[in-house]
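Visitor: Structure in structure tokens, see below.
Coordinate-derived values only; no laboratory data. Keep in mind it's a predicted model, so treat the numbers as computed, not measured. Positions of Cβ are backbone-derived with ideal geometry, glycine not excepted, and every protein chain shown enters the neighbour counts.
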Amino acid sequence: MQAPARRPARPISRGQLHDVLRDRYYLGYVEYEGIEYPGRHEALITPELFERVQKVLDSHSGAGTRTRTHNHYLKGLMWCAQCEHRFIVRRTVGNGGEYFYFFCRGRQEGVCDQPHLNVHAVEQAVLDHYATVNFSDDFKAAVRAKLDEAVAVDLGSTQGIRERLEAQLAALDTRESNLLDLAADGDLPKEKIKEKLLAIRDERAGIRRDIDRLNAELETGRQVFLLALELLDDPQELYRQAGPALRKTMNQTIFTKLKLDGASVTTDELAEPFDAIVPAGRAFDQPAY
């Protein structure tokens, strides 16, 4: 039997190449029904290389290539306020073009009547919601003062631990000095003295690490809150001016979920430390009646 004729290979088109370079399959992911999952295959490239390629493609957007909107920067963040299901991004083709919208999985399962939501309407709803995490200078000054008070209290509460560690260091210094005297007198074998001196130095290094960790934990906790406050100086304007990559980073830093009812964000779930700062700021800045 004669083998079927094979079609000659054709050069890859510009659009095909663009889709290949956008495909997160090469990072080790697969997509099913609009949701991305870790694949069973190994990643073929590093996230750093993939991100560099995306920046090059983004810099040439609008020059005849099309972007994969279903990898939208809000993907995975939006949830339904009615049925608590996730919103996914869907693509549809009609009226001479392609369109993207958010779609509640609960509607797909027949337990929700949320409408399909235009992507741009959801983007605007999230931008509007950022106005609720913008706080007054008075609130931020009050938080900074409370943080300084808390650090002072923690310093006091750990003072006893610090004093015990310092006493252990002093005792090690004395033991080391005694061993050096014994070495000078020749009362102990040199190898035995060397072994004991090395053990003392290891113990001293461990105690100093404990002291450094005590100090670092206090300062790190304070700096995390202060950095969060800096981000809250004017998050809505920062978000308004940001590109997709920065918007995604801001969303993931501040929120774990944003819940939609129609094309409005009604509630949110916040990531640490914003889960403490944002509710306090909202209550602080509420007008008194």
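Visitor: How do 255-264, 72-81 rank on mean C-beta neighbours within 10 Å, highest first?
Guide: Details: 255-264: 17.1, 72-81: 19.4.
Result, highest mean Cβ count within 10 Å first: 72-81, 255-264.
Visitor: Ok, one more. Where Lys and Arg each count +1 and Asp and Glu each count -1, what net charge lies around Glu195 among other residues with Cβ under 14 Å from its Cβ? The partial results should precede the final answer.
Guide: Working: positive: Arg175, Lys190, Lys192, Lys194, Lys196, Arg201; negative: Glu176, Glu191, Asp202, Glu203.
Taking every other residue near Glu195 into account, the sum is +2.
Visitor: Still on this model: State, to one decimal in nm, how far the label point of Glu163 lies from the label point of His116, with both points 7 Å from Cα in the Cβ direction.
Guide: If labels sit at Glu163 and His116, their model points lie 7.1 nm apart.
Visitor: Another question, if that's okay. Taking 45 Å as R0, compute the FRET efficiency from the Cβ-Cβ separation of Arg204 and Thr132 and round it to 0.05. It would help to have the intermediate numbers written out before the result.
Guide: Numbers: r = 52 Å, r/R0 = 1.15.
E(calc), rounded to 0.05, equals 0.30.
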